[in-house]
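One structure is given here, and the rest of the page talks about it.
Computed from the coordinates by the stated procedures, all read-outs in this text should not be read as laboratory data. Model, not experiment: these values are computed from the prediction. Backbone-built Cβ (ideal geometry, glycine too); neighbour counts: all protein chains shown.
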Amino acid sequence: MTAEQSQNTPSKKQQKPGAIIWHDGDVPYSPHFGDVYYNPKDGLAETRYVFLDGNNLPDAWQTVENFTIGETGFGTGLNFLAAWQCWDNDPNRSHRLHFVSVEKFPLSRDEIIRAHQSWPELADYSIQLADVWPHETMLPGVHRFSLADGAITLTLLIGDAIECWSEYAGNIDCWFLDGFAPSRNPDMWHASLFQALARASAPSGASLATFTAARIARDGLESAGFEISKRKGFGYKRDMITATLPASTQLTDEPRKFTLTDAPWFNLPKAGNVKSVAIIGGGLAGASCAEALKKRGCSTTIFEKADQLANAASGNPVGMLEPYLTADNAIMGRFYEAGYRFSHRKIKRLADTGQVDAAFCGVIDLATSARKRGRLDGLIARLADKSDIAEPLTAQQASKRFGLPLSFGGVFYPSAGWVNPPSLVRALSTGIETRLSTSIKSILETQDGNILTDDDDKQYGPFDAVIVAGAYESRLLEQTRWLSDHLCPVRGQISYIPENVIAEPGDGATISCVLSHKGYIAPARNGVHIFGATFERGDEKTDVREGDHALNIAQLARALPDVAAKLKPAVLEGRASLRTTTTDHLPLIGPAPNFERYLAAYHDIDKGKKGARYIGAPCHKGVYICTGFGARGLIATPIAAEILASEICDMPLPLEQTLLHAIHPARFLVRGLKRRQVTA
């Protein structure tokens with residue numbers, strides 16, 4: 001660093017931990033760690049020498065279906081771009097490349113773009129990365145990106161490296177052990193990190209390379225089971241480390257294990273060579289699963305009992321695309337945060353290409369009660385410096401944003417908006433074989449796969465896998481009948497207001513964004529405002545009722561009394577449909593447990609025995625569940641599909657283990673057994 005740079009560099013105390021300054025033009029430097037992000041003279045050559053050559057790439061990924069690289073510090077993404085370019089230029093490459101990396105302090109989109117200016121040969125890859133990189137702050141958690149038409153997946157774990165890798169269930173084939181040097185960031189180079197890397201490695205073994213030969217790295221890797229070798233370092237560095245983790249001694253037919261907790265009842269079935277998948281249900285969940293599997297090369301068939309797709313709740317003309325954010329780090333909030341960011345990226349790209357009818361006009365979450373005000377205050381306290389995600393509004397500011405007078409303040413979500421769900425279902429199901437007016441009554445598990453039978457006794461299949469993605473009817477199949485105690489139908493009726501009721505021609509009044517209160521009202525689409533909705537548990541009928549219009553008007557009156565006063569239930573039109581919720585308000589996403597075998601295998605788990613004493617999760621072979629989204633289908637079904645497609649095709653998972661446990665269908669059985677509410 002020059003004397004001039006030293007004088008202009010803020011002290012460590014003056015800088016936020018993730019802040020950077022620029023050296024020598026476009027070289028990012030971290031004052032917090034006192035180091036540059038890469039070799040300023042030839043960072044790309046060092047990446048190729050240390051991480052690609054050190055892991056025997058490209059040879060290591062040749063002749064395999066999937067290859068997964070794990071990394072401990074994403075930084076500018078230089079290693080990712082170099083690996084992508086190497087893979088792209090290799091005619092014998094794997095079919096897909098997965099890159100899973102951790103970053104505690106992610107750079108902004110503009111910073112990522114600037115950091116890549118030094119490498120014009122990577123420009124094509126950098127442009128594609130910048131295209132999917134979020135414009136807003138990246139919150140802690142797992143962020144999944146799809147590139148190169150799905151051939152490349154980038155999974156970013158935002159947070160502390162040790163915590164993130166300890167919570168992530170991986171099958172990593174090779175490791176890029178990168179990050180700021182041990183002398184600059186000793187907290188990362190800890191024994192628990194190396195143990196986490198070993199646990200996340202593929203059962204067939206893994207390779208590893210790192211730029212350092214520091215003793216803390218050598219000792220830590222050896223203690224975790226890696227076999228260490230030294231290699232000449234890059235440039236002026238004398239040595240660097242390469243390592244291998246021997247293949248696991250576990251049997252090859254063992255299920256894919258979670259390692260965060262001693263909980264074999266949540267282990268995933270061993271993935272097979274899945275080529276054909278049947279999906280029961282043609283709503284958002286089913287269409288999302290079909291699209292995610294199609295991208296992975298699977299042949300999919302949707303079976304829908306109605307005469308059209310998006311017939312139930314997915315058929316509403318407008319749905320809110322609103323984040324579900326919480327003031328704490330609770331499981332539900334973390335899951336729906338991950339779901340929203342994944343859905344938003346997918347839907348935005350489809351809308352930008354004209355495939356989906358949507359508007360990202362923002363959503364105002366109105367504080368219409370003291371309880372709601374307290375929740376939003378807690379949220380703002382958590383996201384105080386992240387107005388690009390959630391911006392606090394006074395009543396006056398909210399009125400200006402909305403376009404009509406409001407008596408309450410709240411929070412504005414600038415990236416949110418509304419979506420026409422049927423157009424999303426159509427976009428996701430394009431090119432998918434679809435069988436309408438086909439009600440499936442049974443799944444027969446055979447040696448050759450699963451065979452479906454409809455109400456007319458016509459059979460289909462065999463299929464390598466089946467996803468049950470219906471709504472309340474999901475409980476009717478033999479494999480899922482036990483769900484009857486955990487699924488609840490919820491009737492919801494929306495109401496329509498002609499646009500001219502709110503805005504008379506020439507008066508300038510208009511609704512410019514979605515308003516979320518106890519209900520919601522959206523800007524006009526095709527001359528009509530949608531508002532609602534009722535929420536009646538246990539009611540399975542879908543007739544449109546004048547009384548429900550009255551309830552919607554009464555709900556709207558709290559936020560927009562002048563508008564509500566103009567409305568009469570008897571003249572309103574609307575639509576009613578069923579949502580399906582679960583008893584703990586989280587969806588069911590994962591393999592279908594074999595009820596009887598679960599009870600037999602885990603009948604005494606209330607005794608506190610260690611999980612190692614039990615067998616892996618006994619599930620119905622090739623049968624998966626995807627249901628229970630309630631009113632949050634828009635922000636949950638795309639990530640649910642990504643989870644299931646990753647489980648079925650044995651690819652890196654888009655969520656951490658804690659959340660995967662929380663949505664696993666077997667959770668209800670496990671809780672019941674532990675509480676002695678279910679007995680064999």
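Packing-wise, with mean Cβ within 10 Å as the measure, how do 142-151, 658-667 rank, highest first?
Details: 142-151: 17.7, 658-667: 22.2.
Sorting 142-151, 658-667 by mean packing, highest first, produces 658-667, 142-151.
Using alpha-carbon positions, what is the distance between the centroids of segment 145-217 and segment 517-596, in Å?
Segment 145-217 and segment 517-596 have Cα centres spaced 45 Å from each other.
Calculate one ³J(HN,Hα) per residue across segment 634-642 by plugging θ = phi - 60° into the Karplus curve 6.51 cos²θ - 1.76 cosθ + 1.60, and present them in order as whole Hz with x for glycine and proline.
Result, ordered by residue: 5, 9, 10, 5, x, 5, 4, 5, 5 Hz.
With a cut-off of 8 Å between alpha carbons and a minimum separation of six or more residues, what is the relative contact order of segment 3-245 in percent?
Contact order relative to length: 18 percent.
I'd like the antiparallel share, as a percent to the nearest 5, of DSSP beta bridges with both residues in the chain. Working shown, then result.
Details: 72 of 111 bridges.
Within the chain, antiparallel bridges account for around 65 percent of the total.
Where does helix 370-382 land angle-wise versus the long Cα axis of the chain, in degrees 0 to 90, nearest 10?
Taking Cα atoms only, the helix is inclined about 20 degrees.
Treat each spin label as a single point 7 Å out from the Cα along the C-beta direction, and report the Gln117 to Asn500 distance in nm.
Here the answer is 5.5 nm between the modelled labels.
Read phi for every residue in segment 59-72 and hand back ³J(HN,Hα) as whole Hz from Karplus 6.51 cos²θ - 1.76 cosθ + 1.60, θ = phi - 60°, with x for Gly and Pro.
4, 5, 9, 6, 6, 10, 6, 10, 9, 10, 9, x, 9, 9
Give me the one-decimal Kirkwood hydrodynamic radius in Å for the chain, with the sum taken over alpha-carbon pairs. Walk me through the numbers before you get to the answer.
On the way: mean 1/r = 0.0373 Å⁻¹.
Averaging 1/r across every pair of different Cα atoms and inverting gives 26.8 Å.
Taking 8 Å as the Cα distance limit and 6 or more residues as the minimum spacing, I'd like the relative contact order of segment 387-504 as a percentage.
Relative contact order comes out at 13 percent.
Show the residues, 5+ positions off or on another chain, whose built amide H is closer than 5 Å to the amide H of Ser207.
Those lying under 5 Å, H to H, from Ser207 are Cys174, Trp175, Leu245.
Using alpha carbon centroids, what distance separates segment 340-369 and segment 257-316, in Å?
23
Looking only at segment 3-245, where both bridge partners belong to it, what percent of the DSSP beta bridges are antiparallel (to the nearest 5)? Each step should come with its number before you reach the end.
Numbers: 23 of 44 bridges.
Once the DSSP bridges in segment 3-245 are tallied, antiparallel ones form about 50 percent.
Using modelled backbone amide H atoms (1.01 Å from N, in-plane), which distant-in-sequence or interchain residues come within less than 5 Å of Ala533's amide H?
Tyr520
At R0 = 56 Å, how high is the FRET efficiency between Lys16 and Ser442 if r is their beta carbon distance? Nearest 0.05 is fine. Don't skip to the end; give the middle numbers.
Numbers: r = 58 Å, r/R0 = 1.04.
Efficiency computed from Cβ-Cβ geometry: 0.45.
Percent relative contact order of the chain, based on C-alpha pairs within less than 8 angstrom and at least six residues apart? Display every interim value, and only then the final one.
Numbers: 1438 pairs, mean separation 90.3, N = 680.
Contact order relative to length: 13 percent.
Positive end of the dipole of segment 3-245, charges at C-beta (+1 Lys, Arg; -1 Asp, Glu), about the Cα centre: which of Trp61, Pro17, Trp119 has its Cα farthest in that direction?
The residue sitting most towards the positive pole is Pro17.
Compute the long axis of helix 331-352 from its Cα atoms, compare it with the longest principal axis of the Cα atoms of the chain, and write down the angle in degrees, 0 to 90, nearest 10.
Approximately 80 degrees, to the nearest ten.
List, in order, the whole-Hz ³J(HN,Hα) value for each residue of segment 525-537 obtained from phi through the Karplus relation with A = 6.51, B = -1.76, C = 1.60 and θ = phi - 60°; use x for Gly and Pro.
10, 6, x, 9, 8, 9, 9, x, 10, 6, 8, 10, 5
If the chain between His135 and Ala213 were fully stretched, how many nm would it gain, using 0.36 nm times the residue separation less the Cα-Cα distance?
On the way: separation 78, 0.36 × 78 = 28.08 nm, distance 3.70 nm.
Taking 0.36 nm per residue and subtracting the Cα distance, the gain is 24.4 nm.
Taking amide H positions as placed 1.01 Å from N in the peptide plane, with prolines and chain starts having none, which residues 5 or more places from Ala524, or on another chain, fall under 5 Å of its amide H?
Excluding prolines and chain starts, which carry no amide H, the hits are Ile511.
Using +1 at the C-beta of Lys and Arg and -1 at the C-beta of Asp and Glu, which of Ile494, His517, Tyr413 has the Cα lying farthest in the positive direction of the dipole of the chain?
Of Ile494, His517, Tyr413, it is His517.
Dipole of segment 3-245, Cα-centred, from +1 at each Lys and Arg C-beta and -1 at each Asp and Glu C-beta, to the nearest 20 debye? Mind dumping the intermediate values first?
On the way: 20 positive and 30 negative charges, 135 e Å.
Taking the Cα centre of segment 3-245 as origin, the dipole is about 640 debye.
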